[in-house]
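Accompanying notes for the structure given below.
The values are calculated or read from the model by the stated rules, or taken from the named source; none is laboratory data. All of these numbers come straight from a predicted model, not from anything done at the bench. All Cβ positions, glycine included, derive from the backbone under ideal geometry; neighbour counts span all protein chains shown.
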2 protein chains.
Amino acid sequence: MSDVPDQPDPSLRLLWRHRTDGREETKVKRGPKQKVSVDEVVDAAIDLADAEGLAAVTMRAIAQRFGLGTMTLYSYVPSRDALLVLMADQVTGRTTLPDLPDDPRKRLELVANLAHDELRAHPWLLEVQDVRPWLGPNMSDRYEWQLRAVDGLGLTDLEMDQTVAVLIGFAGNIARSELMKRRAEQVTGMTEAEWWEANYDTLEEVMAGSHYPLANRVGTAAGEAYQAATDPARELDYGLARIIDGVLAHVGKRSPD
Amino acid sequence: MSDVPDQPDPSLRLLWRHRTDGREETKVKRGPKQKVSVDEVVDAAIDLADAEGLAAVTMRAIAQRFGLGTMTLYSYVPSRDALLVLMADQVTGRTTLPDLPDDPRKRLELVANLAHDELRAHPWLLEVQDVRPWLGPNMSDRYEWQLRAVDGLGLTDLEMDQTVAVLIGFAGNIARSELMKRRAEQVTGMTEAEWWEANYDTLEEVMAGSHYPLANRVGTAAGEAYQAATDPARELDYGLARIIDGVLAHVGKRSPD
DNA sequence: CTCCAATTTCGTACGCTGTACGAAGATGAC
DNA sequence: GTCATCTTCGTACAGCGTACGAAATTGGAG
């Protein structure tokens, strides 16, 4: 019956709080002043996530940082999930977006590398996935910047969006590999090479009945090249070059002038 | 002091249980027979994950399926994390690997599409990340098959591995988009178009002070084309074509005969 | 100033998780 | 028959997000 839209996403206003306050009705605020600000809460959560991982970002731990009761946080933020989204947008705002170079290839590389560096610095971003794309102010700025990087290449509007998605998705995958690798060394207390050495005999034994000629050849090559099964940094260079090759070939094919 | 390698990963033997039992010392087994098998436990966990998501895969829920006490599961599997790895390998074994076509492009497409279809059918695989790559028998078979798909193209050994990684990583990203979209509709109870409609007014209001000319143009184009912000299926076709273009251009450049 | 409504603060409690521990029961080898 | 060994599983614990409701604090109205 109600043509009126369902109540909108409540965290939208929270995400955009800095660009909407001052405007509109700033409601009267009775009751005690809040002891800290939403920004401080979100920043503390970001620091915690950077230092100890997303799992360490518990409502209790954040509250303790401010000497507040746990439940007090819920007057700043509606839920932990909402807090994670605020963290993602806020940390995105910390990266200043550089000017885009003229060279198309350099532009696309910059988009991917910026995303990659950011995810390297804040790997917990990989674990924050909301039900909806984040749509905060800093994410929106970022997206606009990313679109500028692929604008004017000869792509359709839809292809522009898809190209950005491929680039940052790829950067995310590399960052995920690096995170897994780092975590593995931390959890097991051994480097990748040490792990292979420690498990070599077992692997030989269990794999005795199977044949993996290519995997063995490739694995040996990788082991000699990096002393590890994979090297995300080189994977980044290689994959990024191939993707950009493909995109530039695509637009070159279309308008070969 | 001990040059002897640290105790090897305990779940390796469990992963390869089917290709090692019968061989070696099958130790004497006293005590009661186990009421179910490891395979049944893993299959039940897979069914649960398929039906209700990975979060529903709790030790209590699995035990209940067999009428067992919760702690009984720990005589089959050392931990929940180990179980997840077993699930990943076991579900990988369910997909039969088709013969590889002769056409290089079709080979690479097949690798990506197979991964994509699998992740679509078992999206919880996206959430299973172990500290080490899985290295189970079915994963190993899969990897060997993937390498066969990129063998003979003119890539170096390292590039073969990296190319496979790019392809399946891309497939995973598309699958992740699709999962997010499905979950969003399920959680919010509204389609993507409905969500945009419901939040349109709020978005206009909060974004009033910001300017996103490209994002607006692209968003409008996407909205008209798919009635949604993104269309993972088209993103798959587009991105995959670009990546394969780039890879084939790379090997073509090297040996242009 | 008084008083009330609004707001923040936060202690307690609930249901959920993985799993450590140890007792109890079942079984095969001697 | 005895015993070592293995499976089964009840109980318990620490940790999580957060619902609920009481207490404290404040600004505005009369």
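A:ALA171 meets each of the listed conditions (1) within 27 Å of A:HIS250 (Cα to Cα); (2) of a type outside the set (D, E, K, R); (3) within 7 Å of chain B (Cβ to nearest Cβ) apart from (3). With respect to the conditions (1) assigned by TED's automatic domain parsing to the domain that holds B:ILE244; (2) in contact (Cβ under 8 Å) with a residue 60 or more places away in the chain; (3) surrounded by 15 or more Cβ atoms within 10 Å (Cβ to Cβ), B:ARG105 falls short on a single one, namely (3).
Taking the conditions exactly as written (within 15 Å of DNA strand D (Cβ to nearest atom), aliphatic (A, V, I, L, M) and touching a Gly at 6+ places or on another chain (Cβ under 8 Å)), does B:ALA63 satisfy them or not? Explain how you work it out, then say what you get.
Values: within 15 Å of DNA strand D (Cβ to nearest atom): yes; aliphatic (A, V, I, L, M): yes; touching a Gly at 6+ places or on another chain (Cβ under 8 Å): yes.
So B:ALA63 passes the test.
Among the residues that make up the stretch A:31-48, is at least one of them within 14 Å of chain B (Cβ to nearest Cβ), surrounded by 11 or more Cβ atoms within 10 Å (Cβ to Cβ), within 14 Å of DNA strand D (Cβ to nearest atom) and modelled with pLDDT of 95 or more?
Let us first name the residues in the stretch A:31-48 that are within 14 Å of chain B (Cβ to nearest Cβ), namely none.
No, the stretch A:31-48 has no match at all.
To keep it simple, each residue is scored yes or no on (1) out of contact with any Lys or Arg (no Cβ under 7 Å at 6 or more places or on another chain); (2) under 19 Å from B:HIS122 (Cα atoms); (3) free of Cβ contacts under 8 Å to residues at least 24 places away in the same chain.
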| residue | (1), (2), (3) |
| --- | --- |
| B:LYS35 | yes, no, no |
| B:VAL41 | yes, yes, no |
| B:LEU48 | yes, yes, yes |
| B:GLY53 | yes, yes, no |
| B:ARG60 | yes, no, yes |
| B:GLY67 | yes, no, yes |
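Looking across the stretch B:198-249, the residues that are among the small types (Gly, Ala, Ser), within 8 Å of another protein chain (Cβ to nearest Cβ) and part of a loop (DSSP other than H, G, I, E, B) come down to B:SER210, B:ALA229.
Does B:ALA112 count as touching a Lys or Arg at 6+ places or on another chain (Cβ under 6 Å) and part of a helix (DSSP H, G or I)?
Details: touching a Lys or Arg at 6+ places or on another chain (Cβ under 6 Å): no; part of a helix (DSSP H, G or I): yes.
It is false that B:ALA112 is touching a Lys or Arg at 6+ places or on another chain (Cβ under 6 Å) and part of a helix (DSSP H, G or I).
Each residue in the stretch A:119-141 was checked for being surrounded by 20 or more Cβ atoms within 10 Å (Cβ to Cβ) and within 26 Å of A:MET180 (Cα to Cα), and 7 of them qualify. Here B:GLU192 clears all of (1) touching a Ser or Thr at 6+ places or on another chain (Cβ under 7 Å); (2) at pLDDT below 95; (3) among the charged types (D, E, K, R) except the condition numbered (1).
Please work out which residue is surrounded by the fewest Cβ atoms within 10 Å (Cβ to Cβ), limiting yourself to the stretch B:52-96 and to residues that are of a type in the set (Asp, Glu) and more than 8 Å from DNA strand C (Cβ to nearest atom). Show your work before the answer.
Taking the stretch B:52-96 as the starting set, the residues that turn out to be of a type in the set (Asp, Glu) are B:52, B:81, B:89.
Okay, now just the ones that are also more than 8 Å from DNA strand C (Cβ to nearest atom), so B:52, B:89.
Working: B:GLU52: 12, B:ASP89: 23.
Among those that are of a type in the set (Asp, Glu) and more than 8 Å from DNA strand C (Cβ to nearest atom), it is B:GLU52.
Is there a residue being free of Cβ contacts under 8 Å to residues at least 60 places away in the same chain, more than 23 Å from B:VAL57 (Cα to Cα) and out of contact with any Asp or Glu (no Cβ under 9 Å at 6 or more places or on another chain) anywhere in the stretch B:114-125? Yes, because at least one residue in the stretch B:114-125 is free of Cβ contacts under 8 Å to residues at least 60 places away in the same chain, more than 23 Å from B:VAL57 (Cα to Cα) and out of contact with any Asp or Glu (no Cβ under 9 Å at 6 or more places or on another chain). Residues that are in contact with a helix residue (DSSP H, G or I) (Cβ under 8 Å, 6 or more places away or on another chain), more than 7 Å from chain A (Cβ to nearest Cβ), of a type in the set (D, E, K, R) and touching a residue at least 24 places away in the same chain (Cβ under 8 Å) do occur in the stretch B:140-154, at least one of them.
Here the condition is being farther than 26 Å from B:ARG182 by Cα, in contact with a helix residue (DSSP H, G or I) (Cβ under 6 Å, 6 or more places away or on another chain) and within 16 Å of DNA strand D (Cβ to nearest atom); of B:LEU73, B:LEU97, B:LEU68, it holds for B:LEU73 alone.
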